[in-house]
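What follows is a single structure, written as structure tokens, with notes after it.
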Amino acid sequence: MLIGSSWRALALAVIAGGFGAAMVSCAGGGEPYAGEDVYAGPPVSLESSRGVWVVVVQSPTGGWSVAVDRVTESRRRKDVFVTLRRPDPRFMNTQAVIEQRVATPVRSDEPVRVCVRVLDHDEDPDSRAYPVVLERAGAGGAGEVRGGGGGGGGGGGA
């Protein structure tokens, strides 16, 4: 019977450990939010490709990373939250404009708002709000660009 008890204890330990890890990962997080700050980063635009919105970033050098953190939905639109990370200064990077594209799960016929934060390569990801960079009404719809670094963008076809 000792073997059965050991297995039960092991199973409980694994479950408790997994629950604890999930709680720790959620502790610092929370919902992303669109901040009032003015965007001050590389130009960002939005294109339609294969029926979904694609965020396009024109990084000033190599070494930048781009990631879609989360997509939230409201009655009016979907909000796409993107994090750009600056290059690690310990490494040399190409001194040329680099175009990076990241697809979103948002269909290009849906209204979308893109919120982008810029972090240092080693900065805490929970440390900043996401400034609103641009909004689009849907493929072919008029868009509003905000902030200093935001670029235009095509609402081209699929």
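Yes or no: residue 55 out of contact with any Phe, Trp or Tyr (no Cβ under 9 Å at 6 or more places or on another chain), under 22 Å from residue 106 (Cβ atoms), buried (at least 19 other Cβ atoms within 10 Å of the Cβ) and aliphatic (A, V, I, L, M)?
The answer is yes for residue 55.
Residues to consider are 49, 74; find the one that is surrounded by 10 or more Cβ atoms within 10 Å (Cβ to Cβ), at pLDDT 85 or above and polar (S, T, N, Q).
Selected residue: 49, the only one of 49, 74 that is surrounded by 10 or more Cβ atoms within 10 Å (Cβ to Cβ), at pLDDT 85 or above and polar (S, T, N, Q).
Pairs needed: first member in the range 89-112, without any contact (Cβ under 8 Å) to a residue 60 or more places away in the chain and closer than 20 Å to residue 67 by Cβ; second member anywhere, in a strand (DSSP E or B) and among the aromatic types (Phe, Trp, Tyr); C-beta distance under 6 Å; at least 6 residues apart or different chains.
104/53; 106/53
Residue 114 fails exactly one of the following numbered conditions: (1) at pLDDT 95 or above; (2) in a loop (DSSP other than H, G, I, E, B); (3) not charged (D, E, K, R). What is the number of that condition?
All conditions are met except number (2).
The values are calculated or read from the model by the stated rules, or taken from the named source; none is laboratory data. Nothing here was measured: the structure is a model prediction, and the numbers come from that model. When we count neighbours, we look across all protein chains shown, and the Cβ atoms used for this are built from the backbone with ideal geometry, even at glycine.
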